[in-house]
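Below is one structure, written out as structure tokens; the observations come after it.
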Amino acid sequence: MTKDEADESPISASDRRSAERVPVTWSVDCETEDTFLYANITNISEMGIFVATREPLEVGTQLTLRFAPPGAREPFVLLGQVQWINPVRMLSENRNPGMGVSFVELTPENRERIVDAIHTIAYVRSASN
């Protein structure tokens, strides 16, 4: 499923966009039962992340995500599910291949940690402008 096809999925585009997305460049380890992928998060919200990769996993794939924002005391270890992919297109320009991953079974504590990380990024960026 491509991003365009995902716009027709049960999770509406407005729901996916309701949470503020913050651009980041963080390393992330994505692990399934039979796959281990090193990649980068290019944006994050309290709902999920975009993982930049030339080898996105299939829509519906459940995975374990491990990542640590700069200055974090401990890394996040969260469950996620691939919601949509932006595949590599061989004969056309695709500047952003990867996959949108939503957080699954996020605990209130982890949601608060993510929101705090997002607010910290926003604060640092606004203070430096």
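Quick rundown of the values:
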{"quantity": "Residue within the stretch 38-45 that is touching an Asp or Glu at 6+ places or on another chain (Cβ under 7 Å) and over 25 Å from HIS119 (Cβ atoms) present", "calculated": "yes"}
{"quantity": "Inter-residue pairs, beta-carbon under 6 Å, first farther than 12 Å from MET47 by Cα and in the stretch 65-84, second modelled with pLDDT of 95 or more and basic (Lys, Arg), 6+ apart", "calculated": "PRO75/ARG66; VAL77/ARG66"}
{"quantity": "Positions within the stretch 69-93 being at pLDDT 95 or above, over 12 Å from the mean Cα position of the chain (by Cα) and not aromatic (Phe, Trp, Tyr), in sequence order", "calculated": "PRO75, VAL77"}
{"quantity": "Qualifying residue in the stretch 19-27 (condition: over 10 Å from the mean Cα position of the chain (by Cα), of a type in the set (Ser, Thr, Tyr), surrounded by 11 or more Cβ atoms within 10 Å (Cβ to Cβ) and modelled with pLDDT under 90)", "calculated": "no"}
{"quantity": "So GLU58, is it in contact (Cβ under 8 Å) with a residue 24 or more places away in the chain, in contact with a strand residue (DSSP E or B) (Cβ under 8 Å, 6 or more places away or on another chain) and either on the phi < 0 side of the Ramachandran plot or among the basic types (Lys, Arg) (or both)", "calculated": "yes"}
{"quantity": "Residue list for the stretch 34-53, restricted to those being touching a Gly at 6+ places or on another chain (Cβ under 8 Å) and not in a strand (DSSP E or B)", "calculated": "THR53"}
{"quantity": "Looking only at the stretch 85-110, and only at residues there that are of a type in the set (Val, Ile, Thr) and either buried (at least 18 other Cβ atoms within 10 Å of the Cβ) or without any contact (Cβ under 8 Å) to a residue 24 or more places away in the chain (or both), the one that is nearest to GLU31 (Cα to Cα)", "calculated": "VAL101"}
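The values are calculated or read from the model by the stated rules, or taken from the named source; none is laboratory data. Because the structure is predicted, anything quoted here is derived from the model rather than measured. Cβ sites come from the backbone with ideal geometry, for glycine too, and all protein chains shown count toward neighbours.
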